[in-house]
1. I need to check one value: relative contact order of the range 104-183, counting alpha carbon pairs closer than 8 Å and at least 6 residues apart, in percent.
2. How long are the semi-axes of the ellipsoid equivalent to the chain, from square roots of 5 times the Cα gyration tensor eigenvalues, in whole Å, largest first?
3. With the chain treated as a Gaussian network of Cα nodes joined by springs under 10 Å, which of Ala87, Ala180, Ala13 yields the largest mean-square fluctuation?
4. So what are the range 167-241's ellipsoid semi-axes, whole angstrom, largest first, if each one is the square root of 5 times an eigenvalue of the alpha-carbon gyration tensor?
5. Compare Asp92, Asp209, Asp151 in a GNM of the chain, Cα atoms joined below 10 Å, and give the one with the largest fluctuation.
6. Given a Förster distance of 35 angstrom, what is the FRET efficiency for Gln94 paired with Glu145, based on the Cβ-Cβ distance and rounded to 0.05?
7. First obtain the Kirkwood hydrodynamic radius of the range 80-191 from its Cα pairs, then insert it into the Stokes-Einstein equation at 25 °C and 0.890 mPa s, and state the resulting D in µm² per second as a whole number.
8. Are any of the pairs Lys57/Lys108; Lys108/Lys138; Lys97/Lys205 more than 19 Å apart by Cα-Cα distance, and if so, which?
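Just so it is clear, none of the values below were taken in a lab; they were calculated from the coordinates. Since this is a predicted model, take the numbers as computed values, not measurements. Positions of Cβ are backbone-derived with ideal geometry, glycine not excepted, and every protein chain shown enters the neighbour counts.
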Amino acid sequence: MTPSTAYMDMEFAGIYGTRQGIQIPIEIGVVIHSPQTDTLSFTGKTFNLDINVEHWKNITNDLGKRVNGHRRVFNLINPGHSKNFDAKFHLDTQERKKARRVIATVHKDLREFMRSLNHYNIDTLVFFARQREMETFKNSGVKTEDFLIRDLQDEIKTRFHLKEQVSLDRMSLVTGFRIAKSSAVSTHFSYTIPEKFRYRVKPHKAIGDAARMFLVDQEFLRFPEEFGELLKDHISLYEGQKQAESASRVGESGASQPQTM
């Protein structure tokens, strides 16, 4: 059986009342590519536990630049119901004990989930900015020594000699990622999404980001020259927009100053 590659993403949130000081994964998404058949398998897990979390979602513009953030407070058992945010709230001693118990349960559930992937014959784990996921695996007691570990964000930065990292939102624009009916699509590729996962394959959901990573990797590995040109064009537009915004702010600041002779 030919080894397969797993593209992994976790979504994190801060435990409410810790000012983002204690973060836990709230879901993990995995897209597994079998090179022998060029097919995808989708799997994931949400951690539905009785704990309130503070979750931030980036709001980006048409070039993938973060322009704002949206904060939600909710209980992991009922994520669809938002709670009011109180900046003064902090966990007391008993609530911190409960938080530690929840973290231990999340780590146990994550270990069990990773064991459930054994039958896929995975030999490579691919991440996009792997630090938090790898720290979580370490804290959970998940062994990763037998896998080849790749960080797609670092690989692209190194391959194209970039000055800074480029976000997954921006890479998805470079590769033309979109959902077309029942498929995840990029410039050169289209893969069917199983019906039970279609509502979850969207940006900033763990399994959706894993799918975005997979298609970015396919474009990067199989069409490197075209990928590089598209990336170069995107960075040029992105930097041009930043400079125009900076100049606009300077102009507004100058206009507000009193004129001197």
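1. RCO, the range 104-183: 28 percent.
2. Listed largest to smallest, the semi-axes of the chain are 32, 29, 16 Å.
3. Ala87
4. Here the semi-axes work out to 23, 14, 9 Å.
5. Residue with maximal mean-square fluctuation among Asp92, Asp209, Asp151: Asp92.
6. 0.40
7. So the translational diffusion coefficient is about 136 µm²/s.
8. As for pairs spanning more than 19 Å Cα to Cα, those are Lys57/Lys108; Lys97/Lys205.
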